[in-house]
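A.B. asks: Here it is, the structure, as structure tokens.
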Amino acid sequence: MFRKVHYRLTFLCAGITTFLLFTMSLTYLYVSEQGLKQNHFLSFQRDIATLIANFERQTLITHTWLSQMESFNAFTISITDNGIPLLFSERAQDEKRKITEQEALEYYRSHYSVTSPDAARKSFHTEYSFTSSYKEDYYACYAYIPYENGKTELLILSPVLPLNRQIHSQRIRFAAIDTAAVCLLFLFSFFFTKKLLIPIENSRLEQTRFVAAASHELRTPLAVILSCTGAIQGHNGKKALPEEEETFLNTIYSEGQRMKRLIDDMLFLSQADSHAFSVHPEPIEPDTLLLNSYEAFEAMAAEKNISFRISLPDSPMPPCLGDRERLQQLIAILLHNAVSYTPENGSILLSLAYGKSRKTDSDVRRCHDSYTIAVADSGIGIPDEEKAKIFRRFYRSDQSRSTKEHFGLGLCIAEEITHSLKGSIHVEDTPGGGSTFLVRLPFKESGTPPAPANHTQSRI
Ligand code: ADP
């Protein structure tokens, strides 16, 4: 599927850029060719003006002068004196030249000659362009020069071939450059769109893995529930005894609870993915909040004979803005993990540190305040190679796979909550063994004192 999208995007991207490139090239070519043609015609007109002026100034026109003019300007000049061709014009002419000159004169007469040149008393010359029957383009000039007893008429032709060649080679150059550019554009689009699709492909892969892992996690409790109900209803031919029914019902209830927890976790993450869960900042006292969490997990730690301590700053922290519910949820996840992954007789320390890093004393408003919540345990610890993986969805280390209570979603939720509160979370080793989770959160001072805290605690 991604390959198809990749090809389509490549064609779309390269197609649009190619279209723009061609439009720009053609516009440039058109403007440049028009300029070239105009310049060429203007230079022809200038040369003609000089030639006619020289012609009028000279009393004696020699063949040598005319030949020089012809070869210097790449013209062909034919002259008639009182309608009789001069000897110069009669020199070795080929048939093609004669026909072309005839056509140029006819073209002039049919397009420009509004009054008979004989009626004009002053000399004049008209420049124009025409295409001969040999499909050759020319700039032509008809000049009329009267004198006392008669008139001289000149027909000057200049082939446009060199200009056409220049235009042609310019077009070929542009075509070659554009073709190379289009190839490069296709190559670039191919690799660019491939790079562009990598994150989408990865996120789709992640989603597929998530769905597979979630289905796997849900299948186990569902299978237990089905087999228990089957046993109660006697589906396999043997109905459970009334005293067994109670055990089966308890199992169904606890597996149902497990499924509910997992579904709640997944819903939370899906809300986080769609940016649908919101943060509700309210005035809170972080030390009171930590104390509440400590009290909630005291009994759980005592069950495993774990030494559970709390360390708060010496002076009470001022109230700050935070989302009480999310913070409680975050601390609960870390404490639940600490208790779960710390063997009996271990120790857990929940601590709060408050730091102020102000650039100057007068710069109070721009100070970067933060507070850090740390959960340090002396438990099984996390190997370095697993430290980055534990925040992935459904990731569980081999040691924790046997625990039914854990799905491998707790730390992803903790990370989502921390990020939503604009903080950061990371794990490091506890000196002497175990792991320490550190959550650093921004401190935004609140003027008003917080509302009385709700003491209820839950995993999620
Ligand atoms: P789970 O619900 O399995 O605990 P988490 O996302 O909270 O899922 O944790 C992911 C994995 O990280 C756990 O399976 C465990 O291997 C490891 N882990 C988390 N907290 C601790 C801890 N305090 N000590 C050791 N390992 C831990």
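All of the numbers you see were taken from the coordinates with simple rules; none came from a lab. All values reported here derive from a predicted model rather than from experimental measurement. Note: ideal-geometry Cβ built from the backbone for every residue, glycine included; neighbour counts use all protein chains shown.
A.B. asks: With the crude spin-label approximation of a point 7 Å out along Cα→Cβ, what separation in nm comes out for residue 215 versus residue 28?
C.D. replies: 5.5
A.B. asks: Calculate, in nm to one decimal, what residue 177 and residue 198 gain on full extension: separation in residues at 0.36 nm each, minus their alpha carbon distance. Present the calculation step by step, with values, prior to reporting the outcome.
C.D. replies: Details: separation 21, 0.36 × 21 = 7.56 nm, distance 3.16 nm.
Gain on stretching residue 177 to residue 198: 4.4 nm.
A.B. asks: Under a straight-distance cross-link criterion of Cα-Cα below 16 Å, which aspartates and glutamates are reachable from residue 444, leaving out those fewer than 8 residues away in the same chain?
C.D. replies: 282, 285, 287, 323, 363, 369
A.B. asks: Also: Taking the alpha-carbon set of the chain, what are its Rg and Dmax in Å?
C.D. replies: Considering the chain through its Cα atoms, Rg and Dmax are 47.2, 145 Å.
A.B. asks: Excluding residues fewer than 8 places away in the same chain, name every one of the lysines whose C-alpha is closer than 19 Å to that of residue 96.
C.D. replies: 135
A.B. asks: Moving on to the next point. Within segment 129-161, find all residues whose amide N lies under 19 Å from a label point positioned 7 Å from the Cα of residue 106 along Cα-to-beta-carbon.
C.D. replies: The answer is 129-142, 155-158.
A.B. asks: Let me ask something additional. Three principal axis extents, largest first, for the C-alpha atoms of segment 126-188, in Å?
C.D. replies: 76, 21, 12
A.B. asks: About the Cα centre of segment 1-95, what is the dipole size in debye to 20, counting +1 per Lys and Arg Cβ and -1 per Asp and Glu Cβ, all else neutral?
C.D. replies: With Lys and Arg at +1 and Asp and Glu at -1, about 1060 debye.
A.B. asks: Using Cα-Cα distances under 8 Å and only pairs 6 or more residues apart, what relative contact order does the chain have, in percent?
C.D. replies: 12
A.B. asks: Quote the Stokes-Einstein diffusion coefficient, in whole µm² s⁻¹, for segment 157-243, based on the Kirkwood radius over alpha carbon pairs, a temperature of 25 °C and a viscosity of 0.890 mPa s. Can you show the working numbers first?
C.D. replies: Numbers: Rh = 20.4 Å.
For these conditions, the coefficient is 120 µm²/s.
A.B. asks: Name the residues whose placed amide hydrogens come within less than 5 Å of the amide hydrogen of residue 306, ignoring near sequence neighbours (fewer than 5 apart) on the same chain.
C.D. replies: Correct list: 345.
A.B. asks: Also, I was wondering about something else. Under the 0.36 nm per residue contour assumption, what length would be gained going from the current alpha-carbon distance of residue 235 and residue 389 to full extension? If you can, show how the numbers build up before the last one.
C.D. replies: Values: separation 154, 0.36 × 154 = 55.44 nm, distance 4.31 nm.
Between residue 235 and residue 389, full extension yields 51.1 nm more.
A.B. asks: Would you be so kind as to identify which of 443, 29, 355 lies farthest towards the positive end of the dipole of the chain, taking Lys and Arg as +1 and Asp and Glu as -1 on Cβ and the Cα centre as origin?
C.D. replies: Result: 29, furthest along the dipole toward the positive end.
A.B. asks: Could you compute the FRET efficiency for residue 278 and residue 424, with r as their C-beta to C-beta distance and R0 at 22 Å, rounded to 0.05?
C.D. replies: E between residue 278 and residue 424, to the nearest 0.05, is 0.60.
A.B. asks: Kirkwood Rh and Cα-based Rg: tell me the resulting Rg over Rh for segment 76-231, rounded to two decimals.
C.D. replies: 1.75
A.B. asks: A further question follows. Which translational diffusion coefficient, to the nearest whole µm²/s, is obtained for segment 255-360 from the Stokes-Einstein equation, given a Kirkwood hydrodynamic radius over C-alpha pairs, 20 °C and 1.002 mPa s?
C.D. replies: After rounding, the answer is 134 µm²/s.
A.B. asks: What FRET efficiency do you get for residue 440 and residue 300 if R0 is 25 Å and r is their Cβ-Cβ distance, rounded to the nearest 0.05?
C.D. replies: So the FRET efficiency works out to roughly 0.45.
A.B. asks: So for the pair residue 82, residue 38, with labels modelled 7 Å out along Cα→Cβ, what separation do we get in nm?
C.D. replies: Taking the two extended label points, one gets 4.5 nm.
A.B. asks: I'd like the antiparallel share, as a percent to the nearest 5, of DSSP beta bridges with both residues in the chain.
C.D. replies: Counting DSSP beta bridges with both partners in the chain, the antiparallel share is about 90 percent.
A.B. asks: Could you give log10 I(q)/I(0) at q = 0.17 Å⁻¹ for segment 206-313, computed by the Debye formula over C-alpha point scatterers of equal weight, without solvent?
C.D. replies: -1.00
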